[in-house]
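The values are calculated or read from the model by the stated rules, or taken from the named source; none is laboratory data. The structure presented is a predicted model; accordingly, all values stated were derived computationally and were not measured. We place every Cβ from the backbone using ideal geometry, glycine too, and count neighbours over all the protein chains shown. The area values use the complete protein model at the heavy-atom level, side chains included, leaving out ligands, DNA and RNA. Shrake-Rupley method; radii C 1.70, N 1.55, O 1.52, S 1.80 Å.
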Amino acid sequence: MYDEEQQAGRSEHGPLAGFTVGVTAARRAEELGALLQRRGAAVLHAPALRIVPLADDGELLASTKEIIDQVPDVVVATTAIGFRGWIEAADGWGLGERLLGRLRGAELLARGPKVKGAIRAAGLTEEWSPSSESLAEVLDRLLEEGVDGRRIAVQLHGEPLPGFVESLRAGGAEVVPVPVYRWMSPEDITPLDRLLDAAVSRSLDAVTFTSAPAAASLLSRAEDRGLLPDLRSALSHDVLAACVGPVTALPLQAQGVDTVQPERFRLGPLVQLLCQELPGRSRALPIAGHRVEIRGHAVLVDGALKPVPPAGMSLLRALSRRPGWVVPRADLLRALPGAGRDEHAVETAMARLRTALGAPKLIQTVVKRGYRLALDPATDAKYADV
């Protein structure tokens, strides 16, 4: 039987070893990918959108001149990169100092600590910032204070924020949108299609989302390809949808997809959440005196990581659905992707699986019937009616 030393061996590998995680972020994707890989994950990166700066855009210039000509009562800064980009664009137009002067005369609200940092780096001081980093809390504060007749500039962060802006306008405010950058579809759609195919085929264990537009873009691409029902099914059952926060999750939740989110809306907590969720979803069984944990594209045998080919993983999952029971060759053949009708394909894939696991006795051959996992006798009764 496996012992405490074998159990402790699991710490030799990162908590995400054996799992494949999709990254849809366009910005800070390298940072997120590095955090995941450092914990053992294989990463499939496919930006679901691209950020287009508006330094030469007439909308941003017009909004900036409007604010300089008539100082707003309130300015809401929503993202650090957006606020910095706005100031830099104004500097490029020779309007930087005038804009900063107007912002000093307004009530400046920051959505969170990173935005506060950008505001202070520009030599300004925020009036208030919510501890939750939530725009909903900013909106609540403004509406409680009363917005009727007030002029409020809102720095947009890639999408129009219709609920936020409309609520202010419904309360009687004059809203000046400041579109610093916008999201667009990626120039090369191939990586996104590759990620979409991997999600639908369950080759991914999780997909991460760091913005609502990225989630909406993946769903839109799936719809364009006729794969939206398949993607919804995958994300609802086998592929974990991990979002950096509740706003990011909205497009997925609108499609009936449940998501997980960290308490703090940051990349680090998002990765830590995956480190808890994915191992918790994997199957661990006592087989032939070993502890076997079945993960996305690999298996931990007594803590040792064993990469397994896709065909082998298909067989292993089929066997693990009824541990200890004999699974006929015909059923295993159906589990093999693209195997056709020749049961010899099962024997070939099984031989490779046993070699990959490095412990041939984990899987028993039952002559003329099929194969079974050699579940330890003490636990047979637990799975007798599975």
Residue match in the stretch 183-202 (condition: touching a Ser or Thr at 6+ places or on another chain (Cβ under 9 Å), open to solvent by less than 10 Å² (accessible area, probe 1.4 Å), of a type in the set (Phe, Trp, Tyr) and not in a helix (DSSP H, G or I)): no
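Yes/no matrix, rows are residues, columns are (1) in contact with a helix residue (DSSP H, G or I) (Cβ under 8 Å, 6 or more places away or on another chain); (2) at pLDDT 90 or above:
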site: 78; (1), (2): yes, yes
site: 82; (1), (2): no, no
site: 90; (1), (2): yes, yes
site: 96; (1), (2): yes, yes
site: 99; (1), (2): yes, yes
site: 116; (1), (2): no, yes
site: 119; (1), (2): yes, yes
When the residues of the stretch 325-350 are narrowed to those that are among the basic types (Lys, Arg) and more than 17 Å from residue 202 (Cβ to Cβ), which ends up modelled with the lowest pLDDT? 341
Can you list the strands (runs of 3 or more DSSP E) lying wholly within the stretch 25-125 that have 1 or more residues being crowded, with 22+ Cβ neighbours inside 10 Å? 74-77, 107-110
Index of the failed condition, residue 193 passing every other in (1) modelled with pLDDT of 90 or more; (2) more than 20 Å from the chain's Cα centre (by Cα): (2)
Pairs, please: C-beta under 7 Å, at least 6 apart or cross-chain, first residue among the acidic types (Asp, Glu) and in the stretch 262-288, second assigned to a helix (DSSP H, G or I)? 263/269
Please count how many residues of the stretch 127-155 are in a loop (DSSP other than H, G, I, E, B), touching a helix residue (DSSP H, G or I) at 6+ places or on another chain (Cβ under 6 Å) and buried (at least 18 other Cβ atoms within 10 Å of the Cβ). 2
Against the definition (touching a helix residue (DSSP H, G or I) at 6+ places or on another chain (Cβ under 6 Å) and crowded, with 20+ Cβ neighbours inside 10 Å), how does residue 218 come out, yes or no? no
Complete set of residues in the stretch 331-367 that are surrounded by fewer than 16 Cβ atoms within 10 Å (Cβ to Cβ) and touching a residue at least 24 places away in the same chain (Cβ under 8 Å): 337, 352, 358, 361, 366
